[in-house]
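The values are calculated or read from the model by the stated rules, or taken from the named source; none is laboratory data. This one's a predicted model, so the numbers in the text were calculated from it and none came from an experiment. Please note: Cβ atoms are built from the backbone with ideal geometry, for glycine as well, and neighbour counts cover all protein chains shown. The area values use the complete protein model at the heavy-atom level, side chains included, leaving out ligands, DNA and RNA. Shrake-Rupley method; radii C 1.70, N 1.55, O 1.52, S 1.80 Å.
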Amino acid sequence: SEDEVTQAFDLRRNEFITPERRQIRQMVFGEEAEANVAYDQLQSGKSFEEVAQATLGWNDDDTNLGLVTKEDLDGELANTAFSADQGSINRPVASVFGYHLLLVEEIQPGEELNLGDVRPQIEETLRNEKAIDLVYDLVNQLEDTLGTGATLAEAAASINLSVNIITDIDANGRDIDGNLMEDAFADLASDSQFLAQGWELELEEISQLIASTEDSFFVLQTIEEKLARP
């Protein structure tokens with residue numbers, strides 16, 4: 001329903017927000033006076049790389065803070081870095097690590113998707129969740145019915161399912177001609193649990209309901225056995 005879609009969007013809103021990111025270089029000095037000297041050199045026209053090398057002995061890798069979000073930085077550093085224009089260099093900013101000069105090299109704007117943008121994704125997720133819930137409801141009903149002593153056909157019919165028969169399958173999931181099973185039974189025939197159960201059960205015995213892959217379940221009954229051919 002529309003209410004369910006809207007509620008799911010509100011609960012997951014943070015998943016649809018891409019924060020702004022900035023590519024930043026920095027120099028960090030132990031003393032504010034040292035940072036001010038470096039800042040003046042930058043203002044006189046020297047490059048960030050030149051000043052970092054001359055004052056700190058830092059190369060490009062040393063100055064590269066990387067592509068960061070505001071949450072990646074602390075306090076005043078975050079405020080300064082994310083209020084500056086691209087290409088600008090701030091006056092020294094203090095932190096527990098020293099005095100920072102920051103260069104904003106690139107700005108990648110953030111994005112916030114609205115409900116219209118992600119409606120198909122949310123609807124598909126909700127359908128899948130409801131389908132899985134329905135599978136588990138049917139599983140519980142099937143187990144309850146089998147627990148009363150019902151036959152496999154009776155238990156299946158109680159939840160509007162039918163019993164399928166796989167004929168001439170061997171312990172390796174192959175047919176009478178030695179070929180892998182195909183069509184609707186291909187997945188089951190390659191399921192190690194299914195094959196193991198098929199050869200552990202006595203004839204006419206009904207297995208427990210067994211969880212397989214991708215939220216699927218099976219229950220089986222061996223009804224006939226043929227001897228191996230020479």
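Determine whether region 198-212 contains at least one residue that is part of a helix (DSSP H, G or I) and touching a Leu at 6+ places or on another chain (Cβ under 9 Å). The answer is yes, given that some residue of region 198-212 is part of a helix (DSSP H, G or I) and touching a Leu at 6+ places or on another chain (Cβ under 9 Å). Where strands (runs of 3 or more DSSP E) fall wholly inside region 63-163, the ranges with 2 or more residues that are surrounded by 14 or more Cβ atoms within 10 Å (Cβ to Cβ) and hydrophobic (A, V, I, L, M, F, W, C) are 64-69, 98-108.
Candidates are the residues of region 1-18 that are in contact (Cβ under 8 Å) with a residue 60 or more places away in the chain and either part of a helix (DSSP H, G or I) or buried (at least 17 other Cβ atoms within 10 Å of the Cβ) (or both); the one that is nearest to the chain's Cα centre (by Cα) is Phe16. Evaluation of Ala189 against the conditions (1) touching a Gly at 6+ places or on another chain (Cβ under 6 Å); (2) open to solvent by 50 Å² or more (accessible area, probe 1.4 Å) shows that the sole unmet condition is (2). Say we look at region 21-45 and pick out the residues that are open to solvent by 50 Å² or more (accessible area, probe 1.4 Å) and outside any helix (DSSP H, G or I); which of these is nearest to Phe82 (Cα to Cα)? Looking at residues that are open to solvent by 50 Å² or more (accessible area, probe 1.4 Å) and outside any helix (DSSP H, G or I), I get Arg21.
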